[in-house]
Ligand code: SF4
Ligand code: SF4
């Protein structure tokens, strides 16, 4: 399952993710990490069975953890199925269907944000 981990600046320098992995034995796969002077934001995949204990290990160290049910959201009223998002997505979230409609497999999204900038109709947003 895909999760988002948010950490404030005062704890961003601490190895809390490494500690949580060691404590819980969770296999974490980090797909995106953005860290600046005000916050750290990490998108990752974690086995569903390990989520509860991994979340507890992180929140007890001051992080916020949320589940990304739909990492990328599409406004169906705005989308004109131009296909621009298909070519830029690095993990093939978008594909053309047999009828040339644009299909969406949102679970694969790593929230890189590239498609959002490319969409000419501003039909895409990231779940936060
Ligand atoms: S780029 Fe935007 S308008 Fe074009 S298919 Fe993708 S979501 Fe739809
Ligand atoms: S945010 Fe990145 S990974 Fe997610 S659908 Fe858009 S291009 Fe693909």
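Bear in mind that the values in this text are calculations on the coordinates, not laboratory data. The structure displayed is predicted, hence computed values, not measured ones. Glycine also receives a Cβ, built like all others from the backbone with ideal geometry; neighbour counts cover every protein chain displayed.
Contact list please: Cβ distance under 8 Å, first residue in segment 54-66 and free of Cβ contacts under 8 Å to residues at least 60 places away in the same chain, second residue surrounded by fewer than 16 Cβ atoms within 10 Å (Cβ to Cβ) and in a loop (DSSP other than H, G, I, E, B), pairs at least six apart or on different chains.
Every condition considered, the pairs that remain are 61/14.
Which residues, taken from segment 70-100, are under 29 Å from residue 19 (Cα atoms) and more than 14 Å from ligand 2 (Cβ to nearest atom)?
Within segment 70-100, none qualify.
Name the strands (runs of 3 or more DSSP E) wholly within segment 40-128 that hold at least 1 residues that are within 16 Å of ligand 1 (Cβ to nearest atom)?
72-74, 94-96, 102-104, 124-126
Which condition number in (1) at positive phi; (2) in contact with a helix residue (DSSP H, G or I) (Cβ under 7 Å, 6 or more places away or on another chain) is the one that residue 46 fails?
(1)
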